[in-house]
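A quick write-up on the structure given underneath.
Rule-based calculations on the coordinates, nothing more; no lab input. Note that the structure is a prediction, hence the values are computed from the model and not measured. Because the Cβ atoms are built from the backbone with ideal geometry, glycine has one as well, and the counts that use them run over all protein chains shown.
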């Protein structure tokens, strides 16, 4: 049976067919769909863990218990998970353990761009990189065989191009495989009381030699001979681009990209006139091939930041393709009439209401400046115009810790109020230890937790605060105010962000408090788990004076009308299709010109 599958769906299918019993992850584009598809299989226990480090611990525990396990995350999440992963890479595993990590090349939905391939070299583990959906499924199955054959976790790395592209996939049947149960007396997993860490490190190097021999023999590394004047070494999505740009060339297609198959590379290099490496982001393969003493070009032939494409590669490789009588592909032109704009928050988003209230409080606090340390979530859009609210945002849960440090940098300066702004999923992910640290070490900051009851930015996934698991089971939710109180916070406020006056008063009190204050602003996301559509609002043109107050919320549902007031100011209109009926604009309209339809 064949099926058209997303790359992430194919990975989930490969894990299912390989007999995976336990899967854990944390949502993050472009990896999210792996867990969502895998969660549909009853035979696999699947969970959204509270963060990537915990997800890694879950997968490791399952592997030690004799169950094949999968752990998924995006590149930024891998940084969070490295602590336990580094250790198990040297200890070894019991049942197969595979990490599926997706790099957001081009930072389409991330605060940073990162090439996680370097981790494979750092951790001394094998890495596989599929180029399409069929390989995504096949390589996942192969990863479990390699994991158990070589007693190691395996790194399955994808990028946006594979994760979010679709292709035809040949399906197979599930094969359940279980290793012996956990041997709690084995010295293997007790490096201090059993095998010494230096011995484990030495064993990892020996394992790399055996893995390199495997890499030279496996058919997922293959030579495709063509014109030998140009030889191209590539993997993943860039391989597909190069096959489209220059199919006449000779190719060494690598699916097993660490450790590299040196013998195969030397064989290929010895028969081509010019050797090129085309890869995305860091010169990971290029540097290793150059270290083999081979003359190779790479970085100078491509972009070193951002996602590659047929167009960009065609331009940078024009001097090579011209020798084959080809012209560089023309760049696609923008569609006519499409307006370029900044990314924006959704109509009725609670962050719009909180941001507006903060701006209003700032105007009232003439002698103090509010400095907001941001975090990772929908509210990260508050960095950009027109909001210009957050001063920075760099990692999950870092808002509270960085606000704490900033408060000491500004110690004694009464002109600034320091705020940490984060969401519910982010707080449960990595905000709790940071808040505990603030309470332990004491500083003067206000923490705003915007609780919209979902992990909205990655598509509305559930989390501990919703009480709904990936499998759809319902449990009592973790109540964020209770968690905050249990950590020792005494100055805690709970507000409905759409109650404008209450929110402004609450923020004023919290910012005036000398110490740690926490404001939990709770209101459901207007988009997830399903779109909230209350009766939309409209503007009464006869009452609108064109003051622009409603437009200053920056809600995409409020627009300027062509109609003008007597003072030549544009009146307001509300788009009934976009409006979700949150009522916030009606609350702040001084002319009472906004009413529910």
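Data table
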| quantity | calculated |
| --- | --- |
| Using a Förster distance of 25 Å, the FRET efficiency for residue 331-residue 304 (Cβ separation, nearest 0.05) | 0.85 |
| Label-to-label distance, nm, for residues given as residue 530 and residue 185 (7 Å Cα→Cβ offset) | 5.7 |
| FRET efficiency, residue 217 to residue 442 (Cβ-Cβ, R0 60 Å, nearest 0.05) | 0.50 |
| Relative exposure of 421, 498, 440, judged by other C-beta atoms within 10 Å (fewest first) | 440, 498, 421 |
| 222 nm mean residue ellipticity, helices alone, for the chain (DSSP H n ≥ 4; -39,500 (n - 2.57); rounded to 500) | -10000 deg cm²/dmol |
| Nearest 10 degrees, 0 to 90: helix 133-150 Cα axis against the chain principal axis | 70 |
| Segment 494-565 shape via C-alpha gyration tensor axes, a/c threshold 1.5 | oblate |
| Fewest-first sequence of 290, 568 by Cβ atoms within 10 Å of each Cβ | 568, 290 |
| Inter-part distance where segment 362-380 and segment 460-499 are each reduced to a Cα centre, Å | 23 |
| The chain pair-distance distribution - Cα-Cα, 10 Å bins, rounded % | 3, 15, 22, 22, 19, 12, 5, 1, 0 |
| Spin-label model distance (nm) - residue 311 vs residue 170, 7 Å beyond Cα toward Cβ | 3.6 |
| FRET E, pair residue 267, residue 108, Förster distance 41 Å, beta-carbon r, rounded to 0.05 | 0.65 |
| Global geometry of segment 537-596, whether rounded, prolate or oblate, following the gyration tensor of its Cα atoms and the 1.5 cut on a/c | prolate |
| Modelled label reach - residue 42, point 7 Å along Cα→Cβ, segment 1-34 residues with backbone N closer than 19 Å | 13, 16-23 |
| Centre separation in Å (Cα based) which lies between segment 114-187 and segment 1-77 | 11 |
| Ranked by how many other beta carbons lie within 10 Å on average, peptides 524-530, 298-304, 147-153 from highest | 147-153, 524-530, 298-304 |
| Stretch gain in nm, segment residue 562-residue 587, where the contour uses 0.36 nm per residue and the Cα spacing is subtracted | 6.6 nm |
| Shape category assigned to segment 459-523 from the gyration tensor of Cα positions, a/c cut at 1.5 | oblate |
| Fully extended contour minus Cα-Cα distance, from residue 384 to residue 324, at 0.36 nm per residue | 17.1 nm |
| DSSP-defined beta bridges in the chain - what % are antiparallel, rounded to 5 | 25 |
| Which of 478, 230 has the fewest Cβ neighbours within 10 Å, and the rest in rising order | 478, 230 |
| Separation in nanometres of the label points that stand 7 Å from Cα toward Cβ, at residue 505 and residue 2 | 6.7 |
| Degrees between helix 432-441 axis and first principal axis of the chain (Cα, 0 to 90, nearest 10) | 60 |
| Among beta bridges that DSSP assigns inside segment 221-324, antiparallel share in %, nearest 5 | 25 |
| Euclidean distance of C-alpha centroids, segment 538-580 and segment 196-227, integer Å | 65 |
| Folded to 0 to 90 degrees: helix 350-364 orientation relative to the chain principal axis, Cα | 50 |
| Burial order of peptide ranges 14-21, 103-110, 533-540 (average beta-carbon count within 10 Å, highest first) | 14-21, 103-110, 533-540 |
| Fully extended contour minus Cα-Cα distance, from residue 295 to residue 496, at 0.36 nm per residue | 66.0 nm |
